[in-house]
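One structure below.
The values are calculated or read from the model by the stated rules, or taken from the named source; none is laboratory data. Since the structure is predicted, the reported quantities are computational estimates derived from the model, not experimental observations. Glycine gets a Cβ as well: all are built from the backbone with ideal geometry, and neighbour counts include every protein chain shown.
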Amino acid sequence: MAGILVTGSSRGIGAAIREQLESRNVRVIGHGTIAHDEQTIGANLADPAAPALLWNEALDRAGGEIDVLVNNAGLFEASALDRSDIEWLDAWEDTLRINLSAAAQLSRFAVLHWLERGARAGFKGGRIVHIASRAGHRGDSPAHWHYAAAKGGMLAMHKTIARQYAAQGISSFAVTPGFTDTAMAGDYLASRGGPDLLADIPLGRVAEPEEIANIAVYCALDAPESMTGATIDANGASYVR
Ligand SMILES: NC(=O)c1ccc[n+]([C@@H]2O[C@H](COP(=O)([O-])OP(=O)(O)OC[C@H]3O[C@@H](n4cnc5c(N)ncnc54)[C@H](OP(=O)(O)O)[C@@H]3O)[C@@H](O)[C@H]2O)c1
């Protein structure tokens, strides 16, 4: 295994993914808005040029070959419907850029990298794991149109990649968590009234980041190739498809 790039590995779900991958002796190239430590590449995905810089630096650090991309970095920032037009549009553009466009740019670089490697002998395939969201299926709050749209777009992109590149040894998996116990969900639960939201989850609790990481690591390392195109829910049965 050459290397795995995990975006947004500085905390939350991404940090749990990184920890579980490293416990299996996988070389992880970490990422955050800034370089939190020597193993982490700093790249603010709000900048359209950042994904290319991140990909090239990650490739360098991995010795020229990346086997798995985990698109995990994400922003969940409320944007009230009644704010000014320009504020609402700015928030829309930021969330779509960070949560969807940056993931698309990185996915494109990964697919091109694997298509190029596939022309050589010994290529064992590449995988993308997208950390999407229940919101991509179910929609979200009035202040999160952008977040739900970005995650829905991510799911559509994931299906396209899975269907178009399976024959070239490229697999795509998506994970759709419901509320998960990180800073991201904490802010939301606080703003929307925690107990009411918990009542909407039959399991009676939010997910732990380690549970979501478990699924992501399974997709990255263990899932059979025939599972490509799958979307795995983890929401305590709060949205059953
Ligand atoms: N928590 C939930 O309830 C939940 C539910 C469904 C889906 N998800 C998805 O799961 C993923 C991880 O979420 P989380 O809960 O672990 O979130 P989190 O604790 O808020 O961590 C977000 C991660 O994304 C990075 N990030 C945010 N904005 C960035 C930017 N502009 N440029 C580069 N990196 C950026 C952060 O880097 P810094 O540390 O440098 O800021 C951090 O590593 C996200 O895609 C999220 O949408 C979460």
Output the residue which, of all residues in the range 189-232 that are of a type in the set (Asp, Glu) and within 12 Å of the ligand (Cβ to nearest atom), is farthest from VAL70 (Cα to Cα). GLU208
Check on GLY122, within 16 Å of the ligand (Cβ to nearest atom), free of Cβ contacts under 8 Å to residues at least 12 places away in the same chain, surrounded by fewer than 16 Cβ atoms within 10 Å (Cβ to Cβ) and not aromatic (Phe, Trp, Tyr): no
I'm trying to understand the selection: among the residues of the range 114-173, which are under 12 Å from the mean Cα position of the chain (by Cα) and charged (D, E, K, R)? LYS151
Considering ASP67, ASP37, which residue is out of contact with any Lys or Arg (no Cβ under 8 Å at 6 or more places or on another chain) and farther than 17 Å from GLU210 by Cα? ASP37
Which of the residues that make up the range 27-58 are buried (at least 19 other Cβ atoms within 10 Å of the Cβ), more than 17 Å from ARG97 (Cα to Cα) and not hydroxyl-bearing (Ser, Thr, Tyr)? VAL28, ILE29, GLY30, ILE41, ALA58
Condition broken by SER171, with the remaining ones in (1) within 14 Å of the ligand (Cβ to nearest atom); (2) under 25 Å from TRP114 (Cβ atoms); (3) in contact with a strand residue (DSSP E or B) (Cβ under 7 Å, 6 or more places away or on another chain) satisfied: (1)
If a residue has to be farther than 19 Å from HIS31 by Cα, touching a residue at least 40 places away in the same chain (Cβ under 8 Å) and of a type outside the set (Phe, Trp, Tyr) to count, how many in the range 78-95 make the cut? 5
Checked the range 34-62 for anything more than 24 Å from TYR218 (Cα to Cα) and not hydrophobic (A, V, I, L, M, F, W, C); matches are HIS36, ASP37, GLU38, GLY42, ASN44, ASP47, PRO48, PRO51, ASN56, GLU57, ASP60
Residues in the range 188-199: is at least one aromatic (Phe, Trp, Tyr) and modelled with pLDDT under 95? yes
